[in-house]
Amino acid sequence: MGQSYNLNADCTAATMAKIKLVQAPAHGSVEFVNEKIFSHYPTGAPQIRCNSRKSPGVSEYYTSNSGYSGKDMYKVRVSYGEGTIKDVTVNINVIKN
């Protein structure tokens, strides 16, 4: 569902994000995994070249309860260790296949 990263210009991790689940989803679960991911820095950012290769980060994986379809959401607090803290609400629309 989401990704968090904080990279240096050489694509190494400046800090690893710490993610705290503030409000769990009502109809599923969320898992946080430290893994190599593709970043999405904007044009002009010193880390723009990092977007073309996997670098250290944290991914969020949502799994709905069996048989559930409809809207769900969860809230996280992301801390990067150097003072930056972000509160994020993730809205999900689960569709049956």
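The values are calculated or read from the model by the stated rules, or taken from the named source; none is laboratory data. Predicted model, so just to flag it, every value in this text is computed and none were measured. Only protein heavy atoms, including side chains, enter the accessible area calculation; ligands, DNA and RNA are left aside. Shrake-Rupley method; radii C 1.70, N 1.55, O 1.52, S 1.80 Å.
Remarks
- Taking only protein heavy atoms and a 1.4 Å probe, the accessible area of the chain is 51% carbon and sulfur.
- Hits among aspartates and glutamates - C-alpha to C-alpha of Lys20 under 12 Å, sequence gap 8 or more where chains match: Glu31, Glu60, Asp87
- A Gaussian network model of the chain, with springs between Cα atoms under 10 Å, assigns the largest mean-square fluctuation among Gly57, Gly81, Gly70 to Gly70.
- Solvent-accessible surface of the range 30-97, taken per residue with a 1.4 Å probe and all protein chains present: 66 Å².
- The orientation-averaged projected area of the convex hull spanned by the Cα atoms of the range 10-63 comes to 4.6 nm².
- Rounded to two decimals, the Cα radius of gyration of the chain over 2.2 N^0.38 Å is 1.19.
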